[in-house]
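S.K.: Take a look at the following structure, please.
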Amino acid sequence: MQPTLTELLTTVLVAVGGGGLIIAALVGWLGKVWADRIAHALRLGGEIDLDLRKRRIEAYATLWRMTGLLPSAPRDPGVDHQALEQLGHALRAWYYDVGGFLLSRDAHDRGYGPLQGTIATVLRDGVGGPLTASEYDAVRKRLSALRACLTDDIASRRGPRRLPGALGELDAV
């Protein structure tokens, strides 16, 4: 006759002197403690992310407006080196007074820093007066790159989530 599961468990627990039960209870308790800590860390991380996003949206709105100096269409032929120098100073003031600490590493390294570098180069090499077409394009591309980084930081250009089989996907078949 074969022993039942209960009989097998009882035999094992008696053989180890009940130590297995204590170890199992301890492992279960430690698992719950760590699960609670992980859940708390995730909640806290989510709260920090949400607060950072809100602060970035507020600070980035000012920076976004500044990047409108050199639109791609219609081009503004009246933008000169003096206006570009003023933009460089305004960007620096924003960086140190408002939101430089909110920029992600990526937005700083691929957006803000290269933009300021391009502005400095154009101002150093330029002859004054209105920007040349190549100067205009060089700075405009850097402004556009900064805007792309800002939208990445606040996730404002992400498309809507689509579930498999959602409207729109059926048309692609």
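S.K.: Report the local net charge at ARG55: Lys and Arg +1, Asp and Glu -1, summed over other residues whose C-beta lies under 12 Å from its C-beta.
M.R.: Details: positive: ARG53, LYS54, ARG56; negative: ASP49, ASP51, GLU58, ASP153.
Every neighbour counted, the sum reads -1.
S.K.: At 0.36 nm per residue, minus the direct Cα-Cα distance, what do SER72 and HIS108 gain on full extension? Give it in nm, one decimal, please. Could you put the intermediate results ahead of the total?
M.R.: Details: separation 36, 0.36 × 36 = 12.96 nm, distance 2.25 nm.
Between SER72 and HIS108, full extension yields an extra 10.7 nm.
S.K.: From the protein chains alone at 1.4 Å, what is the descending order of accessible area for HIS81, HIS89, largest first? If you can, show how the numbers build up before the last one.
M.R.: On the way: HIS81 20, HIS89 90 Å².
Of HIS81, HIS89, the descending order of accessible area is HIS89, HIS81.
S.K.: With a 1.4 Å probe and every protein chain left in place, tell me how much accessible area GLU58 has, in Å² to the nearest 10.
M.R.: Estimated to the nearest 10 Å², GLU58 gives 150 Å².
S.K.: Under a 5 Å amide H to amide H cut-off, with H placed in plane at 1.01 Å, what residues pair with ASP80 once short-range neighbours are removed?
M.R.: Here the answer is LEU131, since their amide H atoms fall under 5 Å of that of ASP80.
S.K.: Tell me, what is the per residue accessible area of the stretch 75-124 in Å², probe radius 1.4 Å? Intermediate values should be presented prior to the final figure.
M.R.: Numbers: 2700 Å² over 50 residues.
Value returned for the stretch 75-124: 54 Å² of accessible area per residue.
S.K.: Sorted by mean Cβ packing within 10 Å, highest first, what order do the peptides 66-73, 98-105 take? Write down the numbers at each step before the final one.
M.R.: Working: 66-73: 14.0, 98-105: 15.5.
The packing order, highest mean first, is 98-105, 66-73.
The values are calculated or read from the model by the stated rules, or taken from the named source; none is laboratory data. Since the model is a prediction, treat every value here as computed from it, not as a measurement. Neighbour counts run over all protein chains shown; Cβ positions are idealised from the backbone, glycine included. To get the accessible areas, we keep the full protein, side chains included, count just its heavy atoms, and leave off ligands, DNA and RNA. Shrake-Rupley method; radii C 1.70, N 1.55, O 1.52, S 1.80 Å.
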